[in-house]
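Just so it is clear, none of the values below were taken in a lab; they were calculated from the coordinates. Predicted model, so just to flag it, every value in this text is computed and none were measured. Cβ coordinates were reconstructed from backbone atoms using ideal geometry, including for glycine residues, and neighbour counts include every protein chain displayed.
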Amino acid sequence: MLQAMRIIYVLVSVLGTALLVMCDQVEGPLPAGHVQATDQVAENLLSKARVLMNAGKYSAARSTLNQLVSDHELAPSAPQARLMLGEIEEKLGDPREAFRQYGKVVEGYQNSDLYEQALNRQLAIATAAASGKLKGKVLWLWDVPMEEGKVIEWLQSVIKNAPYADMSATATSVLGNYLVKRKKFDEAALVFKKLVEDYPDSPYAPGAQLMVAKLWATSHTRGDNNLVNLDRAREAYEEFSLLFPNHEQASTARNGAQEMQRLMIQQELEVGRYYLERAREYGPAIFCFESVLHQQSTSPETAEEASRLLKRARALSASKPSPAS
């Protein structure tokens, strides 16, 4: 009996050793966001890098940190090393590389306490670029504004990865205003509209809704869809009144909706005038003038002009020879 127990003990020991060997031979890194429990070598490298940074020796600190993240990717200090690499690149004037290094924290260490901090640094870089404060280099000589595509890419990245609505709403607002400055009005209107839809409780939402209305209101002077854009602006102003009835800008929105309606009526009058005086198509002209008259209470002056033109259009239509004759 004793001999049998010894044999079993030996077999169990051998099996345990084999399993440990097999585990040690498993290839591939741990999933993103996971780190080892301890890594003293990495901690020593991090301490060394901090000393170098405090001494202003950024290039040497960068080399030390790169060694850490390369050889000790799963160490507990790896996220901090990545964050410090981003800080060094900012100090050395390379916002592109800084944004990329902060992105390594965002992408690889979602469970780290530094995740939000890295995103905030990315947002700060993107916001500075959007405002024009952050410059890029041409041939390492001339400072120029950061290229449009890069600014948009950065802001969209933050919007995608932001864990909290307020950070994402902030980035969305910055993106919308940046597009307005770049005269990309239709794209900006869509961005602001999405902000209101996705973050209706954000402090940016009321301003975004008004901006949507204003962008559509001013767009009637650009392109050919005048009536369509004016109608979109009217709807946006009315939606503001519904979403934010107690907001200090609610009366402004109501007045804006009424103004859009008056402009639409005026636009319809001009369309009728075109048919009457230039195209000489009296049927469409009569239709437009009658439509304006039906909205007399909204714009009495325009209706008065439409009444005068309607009489003229009807008279010309009556005297126009029929196609059969």
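Might you report the magnitude of the Cβ-based charge dipole of segment 48-163 about its Cα centre, with Lys and Arg at +1 and Asp and Glu at -1, to the nearest 20 debye?
Numbers: 15 positive and 14 negative charges, 61 e Å.
Computed charge dipole of segment 48-163: roughly 300 debye.
What FRET efficiency do you get for Ala55 and Gln110 if R0 is 45 Å and r is their Cβ-Cβ distance, rounded to the nearest 0.05? Could you put the intermediate results ahead of the total?
Values: r = 33 Å, r/R0 = 0.73.
For Ala55 and Gln110, the calculated efficiency is 0.85.
Pulled fully out, how much extra length does the chain show between Leu243 and Val144, if you take 0.36 nm times their separation in residues and subtract their Cα-Cα distance? It would help to have the intermediate numbers written out before the result.
Values: separation 99, 0.36 × 99 = 35.64 nm, distance 4.10 nm.
Between Leu243 and Val144, full extension yields 31.5 nm more.
Using a 10 Å cut-off around each Cβ, can you sort Arg280, Arg100 from fewest to most neighbouring Cβ atoms?
Values: Arg280 10, Arg100 14.
Lowest to highest Cβ neighbour count: Arg280, Arg100.
Give the lysines whose C-alpha is closer than 29 Å to that of Lys320, dropping any in the same chain fewer than 8 places away, or say none.
Lys311
Assign one of three labels to segment 265-319, namely rounded, prolate or oblate, based on the Cα gyration tensor with a ≥ b ≥ c the square roots of its eigenvalues; rounded applies when a/c is under 1.5, prolate when it is not and a/b is larger than b/c, and oblate otherwise. If you can, show how the numbers build up before the last one.
Details: a/c = 2.35, a/b = 1.70, b/c = 1.38.
Prolate shape, in that a/c is at least 1.5 and a/b is the bigger ratio.
Please give the net charge around Leu52, taking every other residue with its beta carbon less than 13 angstrom from that of Leu52, where Lys and Arg add +1 and Asp and Glu add -1.
+4
Quick one: check the C-alpha center-to-center distance for segment 275-325 versus segment 61-100, whole angstrom.
Comparing the Cα centres of segment 275-325 and segment 61-100, I get a distance of 72 Å.
Can you sort Ser173, Ser219 by how many other beta carbons sit within 10 Å, fewest first? All intermediate terms of the calculation are to be shown ahead of the outcome.
Values: Ser173 23, Ser219 19.
Least crowded to most crowded, the residues run Ser219, Ser173.
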